[in-house]
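Encoded as C-alpha cells, the structure appears first; notes follow it.
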Amino acid sequence: MSQDPWAQDYDATCRLAQEIAENIHERNRQQRTGGNPAKINMTLRASLQKLKQNIGHLKDGVLRASSSRRIMQAEADRRQNLIDDLLTREKQLSATFKGDITEPEPSRSSLMSERAGGSGGAANPWLINETDETRGLSFGEIKQQQQRIIEEIIDDLAHLVDKTDDRIRNETRRVKLVETKSASCGMMVVIVLLLIAIVVVAVWPV
C-alpha cells in the first residue's frame, strides 16, 4: 500500500529541516576556521524559505482533509501536533541562522537512530532522547563509536559464518560416513545370504 501523500510531504519537510540544521553546523564550522560561508548562506536562506512554505502546505492539507472528513479528528489533531513541532523547529533554525541563539544539534540524534516512516506517522527526529553513552560526545566521536560498533557486528557475523561452515562440513562428512557404512552392511547381508544358500544346497538331500 502506498504511503499517504501528506505523510510523504511531512517526511520530506523533516528531511529538509535536518539538512538545514546540518548546513548551519557546516556554516558555523567554516566561520570558526576562517572559511567563506557566503555560498552556504545563500543556500540556507533559500532552504529556510522552502521550509516555511512546506509547513504552510502541510497545514493547508490538514485543514482540507479535516473539513472534507477524509481524516478523523484524532488524526487531524495528531498531524497538527506534528506541524506545531515543525513550526517550533523552523523558528529555532531561523534564529540560529541569524545568530540569535546557539546552534542546536539535531544531527547528533539523527546519527543514533532512524526516523520511522509510513502513513501511521513519522517520528519527529528532534524529539529523540539522546542516550547516556553519546551525551557530551562530539560528532566525530559519535561517528567513531558507531564505526566501532559496526566493526564488532561484522566480526561477530564473520565468526558465525565460519562456525556455520564448519558445522555444514561436519554434517556432510557424517552423511558420507553413514552412506559408506550402509553400503558395507548391505554387502555383508548379501554375502551371508549367499553362504546360507550354499550350505542349504550342500546339505539338501538329492
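Among residues of segment 13-28 that are at pLDDT 90 or above, those with a beta-carbon under 6 Å from a residue that is part of a helix (DSSP H, G or I) and among the basic types (Lys, Arg) at least six positions away or on a different chain give the pairs Ala17/Arg89. In a helix (DSSP H, G or I), out of contact with any strand residue (DSSP E or B) (no Cβ under 9 Å at 6 or more places or on another chain), of a type in the set (A, V, I, L, M) and more than 20 Å from Gln8 (Cα to Cα): is that true of Ala76 in this structure? Judged against the criteria, Ala76 is not a match. If you go through segment 27-60 and keep only what is open to solvent by less than 90 Å² (accessible area, probe 1.4 Å), charged (D, E, K, R) and within 16 Å of Leu93 (Cβ to Cβ), you end up with just Arg27. Within the bounds of segment 141-158, is there any residue that is open to solvent by less than 60 Å² (accessible area, probe 1.4 Å), in a loop (DSSP other than H, G, I, E, B) and either modelled with pLDDT under 90 or in contact with a His (Cβ under 6 Å, 6 or more places away or on another chain) (or both)? No, because not a single residue in segment 141-158 is open to solvent by less than 60 Å² (accessible area, probe 1.4 Å), in a loop (DSSP other than H, G, I, E, B) and either modelled with pLDDT under 90 or in contact with a His (Cβ under 6 Å, 6 or more places away or on another chain) (or both). Output yes when any residue across segment 13-20 is open to solvent by less than 100 Å² (accessible area, probe 1.4 Å) and either in contact with an Asp or Glu (Cβ under 7 Å, 6 or more places away or on another chain) or closer than 17 Å to Lys98 by Cβ (or both), and no when none is. Yes; the residues of segment 13-20 include at least one that is open to solvent by less than 100 Å² (accessible area, probe 1.4 Å) and either in contact with an Asp or Glu (Cβ under 7 Å, 6 or more places away or on another chain) or closer than 17 Å to Lys98 by Cβ (or both). The combined condition, being out of contact with any Phe, Trp or Tyr (no Cβ under 8 Å at 6 or more places or on another chain), open to solvent by 80 Å² or more (accessible area, probe 1.4 Å) and at pLDDT 55 or above, is fulfilled by Asp100.
The values are calculated or read from the model by the stated rules, or taken from the named source; none is laboratory data. Keep in mind that this is a model prediction, so the values were computed, not measured. Note that each Cβ is placed from the backbone with ideal geometry, even for glycine, and that neighbours are counted across all protein chains shown. All accessible areas refer to the heavy atoms of the entire protein, side chains included, with ligands and DNA or RNA removed. Shrake-Rupley method; radii C 1.70, N 1.55, O 1.52, S 1.80 Å.
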